[in-house]
Structure formats: C-alpha cells, structure tokens
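Below: the structure, in structure tokens.
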Amino acid sequence: MVSTENAGKPGSTGTSGTGNAETGDTGAGDTVSETARHAGARRDQAVRAAVEQGLISEARPVVGLLDVAGIRSSAAELRAAFAEVTPPGTAVLHAFAVKAASLVPVLRLLYAQGIGAEVASPGESALARAAGVRPEYTVLDSPAKTAAELREALALGVSVNADNPQELHRIDALIRSAASRSPLGLRVNPQIGGGSIGALSTATATSKFGVALRDEGARAWVVQAYLDRPWLTRLHTHSGSQGLPLALMAEGVREVYELAEEINAAVGHRQIDTIDIGGGLPVNFASDDHSPTYAAYAALLKETVPGLLDGRYGLVTEFGRSLLAKHGTILARVEYTKVSGGRPIAVTHAGAQVATRTVYDPASWPLRIAPYDAEGRPRTGPGIAQDVAGPACFAGDLLAENRTLPLIEQGDVVAALDTGAYYFSNHYAYNSLVRPGIHGFSAGTGDGDRVRFATVRAPGTVEEIVTESGGGLADGLLKLNV
C-alpha cells in the first residue's frame with residue numbers, strides 16, 4: 001500500500017538518486033558510483049543465471065530483465081528526496097507514469113513502495129486497478145479523455161486533470177448529474193520552450209497539451225474558470241522529459257505555482273490546495289550512474305519555488321522513466337555474425353519491436369550494449385567497431401551502429417542496458433514478432449549469491465499473434481464479394 005508517513009492527505013513522499021544531466025554531476029559522488037557497481041554486478045549475475053536457467057535460449061531468443069532491488073531503491077530515493085524539502089505532514093503523492101512500464105506486477109511493486117499511478121488511457125486505468133492501486137492514489141491525465149472515461153474516473157474518485165476548455169465543460173455536466181469525490185484540476189502549458197528532444201517537450205508554444213497560458217486571454221480565462229468552479233482544487237503542468245534541462249523544468253513549475261497564487265488571491269482563499277508538477281526527470285544513458293538525482297531536482301525546486309514546498313500546498317509528481325530505466329535489461333541471442341563492407345555485424349533477435357525509439361531515433365536514444373558469451377559471461381577482448389542489428393526487415397533496425405565492442409560471436413548474448421522504461425514493456429509488432437517474456441530478478445553482489453526470477457509477463461506465442469491479427473475472421477472480407 002502507498003506510504004503516508006509525510007502526508008496529511010492520501011499520498012506519499014520520498015527520495016531518489018540521480019545527478020544533473022546537464023552538468024554531468026551525479027549529485028552523490030562515490031556513493032552513487034558504488035551503487036552503480038553493485039547494480040552492474042547484479043546484472044552480470046542475472047545474465048549468467050538467465051542463460052543457465054533457460055530464460056534465454058534458442059526457443060526464447062529475447063527476454064527482458066528487471067532488477068527488483070534497483071526499482072525499490074529508486075522508489076525510496078524519490079520519496080526521501082521530496083520528504084527532505086517539505087515540512088512533516090505535507091501531502092505528497094508520487095504517481096508512476098504507467099506508460100513508462102505498463103506491467104501489472106511492476107505497478108504492484110511500486111505501489112508497495114509508496115508509489116501510486118498516473119494513467120492516460122482506459123487500458124492504463126485498468127492496469128492500475130489490476131495492480132491494486134486505489135483510486136485516491138491514481139491520477140488521470142490525457143488530452144483525449146472520452147465522456148465514458150471521465151464518468152468512470154469521477155465515479156471511482158480518481159483524480160482528474162482536465163486538458164482543455166471543452167473537457168472542462170464536459171466535466172461540468174458530469175458533476176451536475178452526479179456528485180464526485182474526485183480531486184479535479186486543470187492542466188496548463190506555461191509555454192516556456194523545449195529541450196533537445198522536440199517530441200518530448202510539452203511546454204512549447206504549440207504543444208498539444210493543456211491550456212496555452214501565454215496565448216491572448218488564456219490566463220484570464222483560467223482564473224475565471226476557477227472562480228466559477230469552487231470544486232477545481234488542483235493545478236497541473238508538465239514541461240517534458242528526456243532532453244529537458246532541470247532549470248527549465250523548475251521554471252515550468254514556478255510558472256504554475258505563481259498562477260496558483262494568483263488564482264487563490266482572486267478567490268480570496270486557498271481554493272487550489274494541490275499542485276501537480278508532472279515528472280520528466282532525465283535519465284543518464286551513458287553509464288550505470290544515476291544522474292541527475294531526485295534529490296538534486298528537489299533541492300533545485302526548493303531554491304527556485306520555495307513557496308511551493310513550504311507546506312501550504314499538497315504535491316503530486318508523475319515520474320516514469322527515471323524510476324525504471326536503469327533497472328531494465330534486454331537480452332538477445334546472436335543468431336548470426338557476418339561482415340559487410342569490412343564491418344562485423346551481429347544479427348540478434350532484439351530490434352525495433354523492443355527498442356523502437358532507439359531504432360528510429362538513435363541520436364536521441366543511444367543504448368549501451370554489453371556483450372556476453374554463450375554461457376552468459378561478460379565478453380572481453382580488444383574493441384572492434386561493429387554493428388548490433390535486430391531481426392526486423394528494414395536496414396535501420398540497429399541497436400548500435402559502428403560501436404566499438406569486444407568482437408561478438410554467433411551464439412553470444414547481447415544486453416541492451418537501461419531499457420526498463422519504454423522498451424520491452426511497450427512492444428511494437430513489426431514483422432509480427434512475438435512479445436518477449438519479462439522477468440524480475442533478485443540477486444546479491446557475491447559470486448555465491450543465488451539469483452531468483454519471477455515472471456512479470458509470460459513470453460508471447462505465434463498463436464496469440466494469429467488471434468490478434470484476425471485469425472478467427474479469415475473469411476470476413478470474402479463475404480463482401482457476394
């Protein structure tokens with residue numbers, strides 16, 4: 001169940017370890033490096049055990065692994081980071097962005113560590129419920145909520161952030177027809193600019209999310225919306241994620257805090273009692289170190305927006321990638337090796353179906369590759385520039401291009417690191433490739449420690465693919481020829 005040790009209302013608060021991605025500061029020096037070494041040792045053990053126990057094999061040539069100890073550690077670090085900068089009794093709800101790892105056992109694990117759920121579709125809402133996440137620890141965000149979706153959320157008591165005036169009017173009608181205990185808010189776009197990855201920058205001048213606060217008349221409309229609706233008690237913003245500087249994230253939070261102060265002053269009392277600052281902490285994909293840290297971000301918020309954290313406002317966060325990315329690994333068997341144009345190529349079973357963003361935008365989403373031999377031992381030797389290719393039938397299906405690594409051989413196992421979020425959990429059905437199995441693991445750091453696995457998602461089957469692809473409706477189109 002979600003912890004409430006620092007909450008006057010349902011919620012939780014916490015810490016995390018990562019540093020400043022913009023400056024390269026890990027925020028925790030040798031402590032983080034030691035943590036990273038332990039994580040690397042656990043991963044090596046898990047790879048060896050996955051080979052020995054047949055989790056990866058000729059029959060199952062790709063698998064996802066999740067480090068349970070690492071996930072628990074990140075959840076604790078997140079809660080502690082915000083506990084450090086808020087007074088005791090401050091209501092803080094950390095809601096995991098379900099889209100980052102839409103897996104019921106992961107949501108259940110996070111919930112047990114004091115983390116709720118941020119959902120953005122009927123499917124994600126159903127996953128959160130299946131994981132046992134209670135409505136009061138769930139937040140619904142989406143730019144395209146249907147009337148049915150809103151009606152369900154309001155009936156259950158799920159928190160809802162309206163995205164736009166039309167949605168707010170729809171909620172007006174629903175509230176008139178049936179009372180709701182759901183905390184309700186409005187998402188605003190502070191229009192502060194974007195980061196290095198445009199597709200993930202949600203506070204640009206023309207972003208599809210929220211009410212564009214700097215458009216003519218928009219700010220006055222927002223203030224009036226709250227004056228007209230005493231039941232609007234929250235305000236929400238989210239400026240983006242990977243590629244966004246921490247200072248810009250903090251600026252977006254400052255903008256929404258100042259708007260909350262303006263609205264409350266206009267109303268004459270503290271109508272807005274909770275501010276949802278979104279998530280978006282970037283992840284370091286260059287090493288095992290966690291940077292930037294939740295602690296560094298929380299400290300920056302304390303410096304930039306001290307009024308937000310003085311206890312007058314409850315707080316909601318919606319972190320996703322930063323909680324899971326460093327704790328996931330994709331393993332893939334090397335089916336063949338070859339040479340083309342003088343460059344060695346390792347052809348594996350992991351490509352666009354499990355690493356979609358990397359394959360289509362490798363400059364923004366480079367992955368570290370760790371080669372292991374056929375027995376699951378780290379491969380060593382001189383570095384040779386080579387490609388690590390996936391199984392999909394297009395030339396760009398590459399996990400890594402011209403990457404210097406020990407020479408990979410047929411039958412080896414290749415690990416794609418930092419893939420715990422938005423990778424193997426979000427399958428892309430190119431070439432009708434089956435979904436890989438996913439397993440959580442528990443491992444120590446000593447040679448004698450035993451690795452234990454728990455299934456998170458069973459491997460898919462070709463029979464499931466046929467069913468999903470209309471296998472039971474094979475004659476359907478032929479009937480139209482009558």
Listing K326, K338, K479 from the residue with the fewest other Cβ atoms within 10 Å to the one with the most, what is the order? K479, K338, K326
Give the calculated FRET efficiency between S469 and K338 to the nearest 0.05, with a Förster radius of 30 Å applied to their Cβ-Cβ distance. 0.45
Simple label model, 7 Å out from Cα along Cβ direction - V267 to A112, nm: 3.8
For the chain, what's the relative contact order in percent, using C-alpha pairs closer than 8 Å and at least 6 residues apart? 19
Using the count of nearby Cβ atoms within 10 Å as a rough guide to exposure, how do T348, T358, T455 rank from fewest to most? T455, T358, T348
Would you mind pulling out the separation of the Cα centroids of region 271-287 and region 69-102, in Å? 10
Summing Lys, Arg as +1 and Asp, Glu as -1, what charge do residues with Cβ under 15 Å from the Cβ of P165 carry, P165 excluded? 0
By the C-alpha gyration tensor axes a ≥ b ≥ c (rounded if a/c is under 1.5, else prolate when a/b exceeds b/c, else oblate), the shape of region 302-373 is prolate
Which of T204, T237, T467, T90 has the fewest Cβ neighbours within 10 Å, and the rest in rising order: T467, T204, T90, T237
Euclidean distance of C-alpha centroids, region 408-482 and region 300-357, integer Å: 18
Restricted to region 382-453, the DSSP antiparallel beta bridge percent, nearest 5, is 100
Given charges of +1 on the Cβ of Lys and Arg and -1 on the Cβ of Asp and Glu, with all other atoms neutral, how large is the dipole of the chain about its Cα centre, in debye to the nearest 20? 760
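For region 335-392, report the translational diffusion coefficient in µm²/s to the nearest whole number, using Stokes-Einstein at 37 °C, 0.692 mPa s, and a Kirkwood Rh over Cα pairs.
In µm²/s, the coefficient is 258.
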Could the peptides 110-122, 221-233, 267-279 be put in order, highest first, of the mean number of other beta-carbon atoms found within 10 Å of their residues? 110-122, 267-279, 221-233
Hey, how much of the P(r) for region 326-458 falls beyond 18 Å, as a percent of Cα pairs? 54
Taking Cα pairs closer than 8 Å and at least 6 residues apart, the relative contact order of region 122-236 in percent is 23
Rounded to the nearest 500, what is the chain's calculated 222 nm mean residue ellipticity when only DSSP H runs of at least 4 contribute -39500 (n - 2.57) each, over all residues? -9000 deg cm²/dmol
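When DSSP beta bridges are limited to those with both residues in the chain, what percentage is antiparallel, rounded to the nearest 5?
50
Readers should treat all values here as calculations from the given coordinates under stated rules, not as data from a laboratory. Since the structure is predicted, the reported quantities are computational estimates derived from the model, not experimental observations. Because the Cβ atoms are built from the backbone with ideal geometry, glycine has one as well, and the counts that use them run over all protein chains shown.
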